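Working notes, beginning with the structure itself.
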Amino acid sequence: MKKRVIVGLSGGVDSSVAAYLLKEQGYEVIGLFMKNWHDDSVTISDECPWLDDSNDAMLVADKLGIPFQTVDLSEQYKERIVDYMFDEYEKGRTPNPDVLCNREIKFDVFMKIALDLGADYVATGHYCRKTTITKNGEEVHQLLAGKDPNKDQSYFLCQLSQEQLAKALFPVGELLKPEVRDIAKAQDLITADKKDSQGLCFIGKVRLPDFLQQQLKPKEGVIVEIPRDNPFYNETLPSFNNKLEELKYRSRKPSYSITEGVVKGKHQGAHYFTKGQRKGLAVGGTAEPLFVIDTDVKENVIYTGQGSTHPGLYKNVLFVSNEELHWVREDLALDTDQTMKVLARIRYRQVLQKAILHKVESGMYVEFENQQSAITEGQFVAWYLDEELVGSGVIS
């Protein structure tokens, strides 16, 4: 009996080649296109990305001679991703819809549909790898970085569980992007030269501010510039009784007030902005560009600093609460007071940074060797042992 694999055909080159490779490997392959959005009022211009994409996915399936169908997951997508995003932005946090889309949609809702259709596995076009080892007589699945350092997408899968990984296949993870395009060209697939999709996971080319403005009403507030010599940045370090006190101190968030800076302009809603953002402030006349160093959604104030080296952008310790802490490798999870040396990143494509995990009763501190720019609440921190992603969490 051939094993059955259902491929999430997105209409892009990566999932097209994933389907081709699985067929070559002797699997029974079925292509499924996920329709996650059909509100065309928020896509840019008059392009209707999901229609074009589903059409391309259908043509690829036809070319490969595999069955194809479309599933409409827009209701679940709205509930689990879009509503969550609005909620997070409203709280002044910056969510990562791509990470959530993988955890909640592709490897949950979609996976359940696939398993109901008798699939043994679900496959996607992600650039990452999976291996399985045996530990204490049990199978343990490892999530490894993709072979292509420029395309490694393991970060986007940082919230997957052992159960989800057990059923997942990543056929292009061993390849470099140019090799994937070459295979697509050799097989004469319509997606061979198609540009990689940008924009929100599966929604297509959406302008995030337009998208947010549909739900979060504009509200005028002020943009305040905080000078580099703010006392908060130049405090003398207190002496600490223990490591926990030090971690708590270093991870704390400055609380700015309007009186500490100069009003530089106006904005249409603090909830549209995120830490580290430079574009969209529309404030001129400063020696260096302004960067968002903090947003206060309660008071509706955006705090900024001049230049990418402004001290308000940097710190080296972050915290993840127990509720938002996730181990891909549950067998490696730390107990209270344990530490672990890891490599970590706080955003996709960031070069891995040396860090130490400190497990405490209420959650976990991640202490980086070097200062990190724009550690942003609501984003994910993921940690690795060599090339294996072992856990992640939402930055508090």
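Things worth noting here:
- There is at least one residue in region 161-168 that is within 20 Å of Lys3 (Cβ to Cβ) and among the basic types (Lys, Arg).
- For region 130-144, filtered to residues that are in contact with a Lys or Arg (Cβ under 7 Å, 6 or more places away or on another chain) and closer than 27 Å to Val60 by Cβ, the residue that is surrounded by the fewest Cβ atoms within 10 Å (Cβ to Cβ) is Leu144.
- Among the residues of region 83-128, just one is hydroxyl-bearing (Ser, Thr, Tyr), under 15 Å from Lys167 (Cβ atoms) and surrounded by fewer than 22 Cβ atoms within 10 Å (Cβ to Cβ), namely Tyr121.
- When the residues of region 158-175 are filtered to those that are of a type outside the set (Phe, Trp, Tyr) and assigned to a loop (DSSP other than H, G, I, E, B), the one that is surrounded by the fewest Cβ atoms within 10 Å (Cβ to Cβ) is Ser161.
- If you go through region 171-200 and pick out every residue that is charged (D, E, K, R), at pLDDT 95 or above and under 28 Å from Glu387 (Cβ atoms), you end up with 5.
- Candidate set: region 243-280, residues that are among the hydroxyl-bearing types (Ser, Thr, Tyr) and at pLDDT below 95; chosen: the one surrounded by the fewest Cβ atoms within 10 Å (Cβ to Cβ): Ser255
- Where strands (runs of 3 or more DSSP E) fall wholly inside region 297-396, the ranges with 1 or more residues that are among the basic types (Lys, Arg) and more than 29 Å from Phe86 (Cα to Cα) are 339-345, 353-360.
- Scanning region 265-296 for residues that are part of a loop (DSSP other than H, G, I, E, B) and of a type in the set (Ser, Thr, Tyr), we see that the one that is nearest to Phe86 (Cα to Cα) is Thr274.
- Residues in region 122-157 that are of a type in the set (Val, Ile, Thr), in a strand (DSSP E or B) and within 23 Å of Gln350 (Cα to Cα): 0 in all.
- Filter result for Thr309 (touching a helix residue (DSSP H, G or I) at 6+ places or on another chain (Cβ under 8 Å), of a type outside the set (A, V, I, L, M) and under 30 Å from Pro238 (Cα atoms)): no
- For beta carbons closer than 8 Å, sequence separation of 6+ or different chains, a first residue in region 215-242 that is surrounded by 10 or more Cβ atoms within 10 Å (Cβ to Cβ) and modelled with pLDDT under 90 and a second that is in a loop (DSSP other than H, G, I, E, B) and among the acidic types (Asp, Glu), there are no qualifying pairs.
- Condition check for Arg207: of a type in the set (Lys, Arg) and modelled with pLDDT of 90 or more: no
- You will find that of Ile375, Ile346, Ile302, the residue that is crowded, with 22+ Cβ neighbours inside 10 Å and closer than 25 Å to Arg103 by Cα is Ile375 and no other.
The values are calculated or read from the model by the stated rules, or taken from the named source; none is laboratory data. All figures in this text were calculated on a predicted structure; none of them were measured in a lab. Quick reminder, even Gly has a Cβ in these numbers, built from the backbone with ideal geometry, and neighbours come from all protein chains shown.
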